[in-house]
1. Consider residue 395 against the criteria (1) in the same structural domain as residue 338 (by TED's automatic domain parsing); (2) modelled with pLDDT under 90; (3) out of contact with any helix residue (DSSP H, G or I) (no Cβ under 8 Å at 6 or more places or on another chain): it satisfies all of them except one. Which criterion is unmet?
2. What do you reckon, is residue 168 buried (at least 21 other Cβ atoms within 10 Å of the Cβ) and closer than 17 Å to residue 29 by Cα?
3. Can you pull out the residues in the stretch 527-552 that are part of a helix (DSSP H, G or I), modelled with pLDDT of 90 or more and touching a strand residue (DSSP E or B) at 6+ places or on another chain (Cβ under 9 Å)?
4. Select the strands (runs of 3 or more DSSP E) contained entirely in the stretch 287-403, then report the ones holding at least 2 residues which are within 25 Å of residue 211 (Cα to Cα).
5. Within the stretch 593-603, identify whether any single residue is touching a strand residue (DSSP E or B) at 6+ places or on another chain (Cβ under 9 Å) and either in a loop (DSSP other than H, G, I, E, B) or closer than 18 Å to residue 477 by Cβ (or both), and answer yes or no.
6. Considering the stretch 522-544 alone, what residues qualify as being touching a helix residue (DSSP H, G or I) at 6+ places or on another chain (Cβ under 6 Å) and surrounded by fewer than 21 Cβ atoms within 10 Å (Cβ to Cβ)?
7. Which of the residues that make up the stretch 234-248 are free of Cβ contacts under 8 Å to residues at least 12 places away in the same chain and surrounded by 15 or more Cβ atoms within 10 Å (Cβ to Cβ)?
8. Condition test on residue 349, is it closer than 20 Å to residue 261 by Cα and either free of Cβ contacts under 8 Å to residues at least 24 places away in the same chain or in the same structural domain as residue 570 (by TED's automatic domain parsing) (or both)?
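The values are calculated or read from the model by the stated rules, or taken from the named source; none is laboratory data. All values derive from a computational prediction rather than experimental measurement. Positions of Cβ are generated from backbone atoms using ideal geometry, with glycine treated the same way; all protein chains shown enter the neighbour counts.
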């Protein structure tokens, strides 16, 4: 690699600071890369002329000449329909060409310079400053012509990129090609041009050595304030189950001018020393961080789930005692302690990154604790903001000595999903051990084996837990208990809308199982008639002997292990499966297996949907071109999901029905599998769905 381009007076510390400011993913624009420079210049010109009058949901008027010479992959027609200003503004801001000022867009100094000169080098230098490994890729090509594969090999060796395909390299070379910084030569190689040399002379490079971070000395960790210490102790002594820790969505303001998320939370919590109404709180956040009022609504549930605020009156909020203790201590490590006590995979991430690990490995471990990649990134950001984790190399994380010291005091949870289990597979009733590991499963199993739990009388806590589990699942469940009646009465409507009723006999035994002597067929049949029930269910820790099973089969009763009921409840809650489907578990002939199949089908549906969105996002990054359902299915043959064309079409139909802004159909074909789709605004659509969900849940 040519190293003479890097200025000798650009210190390693400044290289590291530049790397942290840069985005890992390059932007893409629709219309083909030959149109990008003309398109950007046109957009910058329109911002200069009408920045204050631009409506973000409007589409700019782009002259046909901009797309005239555009090209795209595989001979597909280039997408020429303009995006909205909101979508274009995200690119322009990310590229350092514009900034938001009040409610309008204004050009930055770089934007003005590009407008005046039209120089590709000016634009390229700005892109290289904002995005990782663009100038470094160009610098590698400067030494000798290279293929895409050779550039990828270099970046993996020098910067430890963990790209699973050549998409990351192609995105960078596409931009360098569009800028005229490189040109094709013999043997599928790329060579640098005079524009590229000019661009390199103006760029700062980040060397691989700058990403090697020396271990920092261990900071003295002050003991936790008593309020926070007691909160953590509840996890240590079992007062609270580890499964009670939340996996709620995280969102914290982090504008470029105030990028430290933990410090931003400190500002917000400090404003809540005295009570504030919901509107006052959200208005304060919006005004403090120059955000739209509507964009901060999704933050409130996180503030509550993380234990930072409490509702002290109807719609009135105040900092929690533990949050106030954090502010008084002055140490942000106390924020991490609070976060760990209330949300999953905080201390566990410190453990996963101890000694160093790739982000992909850390995210895979997070999945075993119930967190997706997006939530894991937020947790990682909090830990980096507090100096407990550092990114030693591209795509890697490592716990600092201070983080290791904190790890010693945190009570950690075991992962819910074992490495050798497949969360997509739902076990049969004969093989349910891997399935029975989530919170309700553990709670019901424990109570089924502890008759005198919570000092409520024999089996009372177990009966209440069963009723609560069914209520959470959407059933109408009541504990009756007592002499001459059933333990729990459950009512619901099935998939046809018909009213259904089941009586539930709850059997809690310290021995861990029940036999036929524990079940009275006369009593059960009497209770069934008394409550005009359609079904009879017996729920116990386990069932032994054939007599009970034969009796249940003959009388059409359903026998359900407590842990299995809890596992089904956990999955039903996570997937949004209601009684119309989960009510099948009361059917004596394969009802439990039918319910688990419904869960498996829903998981499969969501896995395919995730894959489809991922493919659309990847295509947007690599080429900006639309893609057909047939191509998505074909590319998926090498994935774990392996979606069929019909599954891809179903996922796209679901997205169009429930989140129409998430994807766009760009070309209609008589055969649906050859219609073209592209990514729309998936994050906005997801936030919209969450807002609807919260509105539905709010009055319940």
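1. Answer for residue 395: the failing condition is (3).
2. Yes, satisfied.
3. Correct list: 527, 528, 530.
4. Correct list: 396-399.
5. The answer is no, given that none of the residues of the stretch 593-603 is touching a strand residue (DSSP E or B) at 6+ places or on another chain (Cβ under 9 Å) and either in a loop (DSSP other than H, G, I, E, B) or closer than 18 Å to residue 477 by Cβ (or both).
6. The one that is touching a helix residue (DSSP H, G or I) at 6+ places or on another chain (Cβ under 6 Å) and surrounded by fewer than 21 Cβ atoms within 10 Å (Cβ to Cβ): 535.
7. Selection gives 240 alone.
8. no
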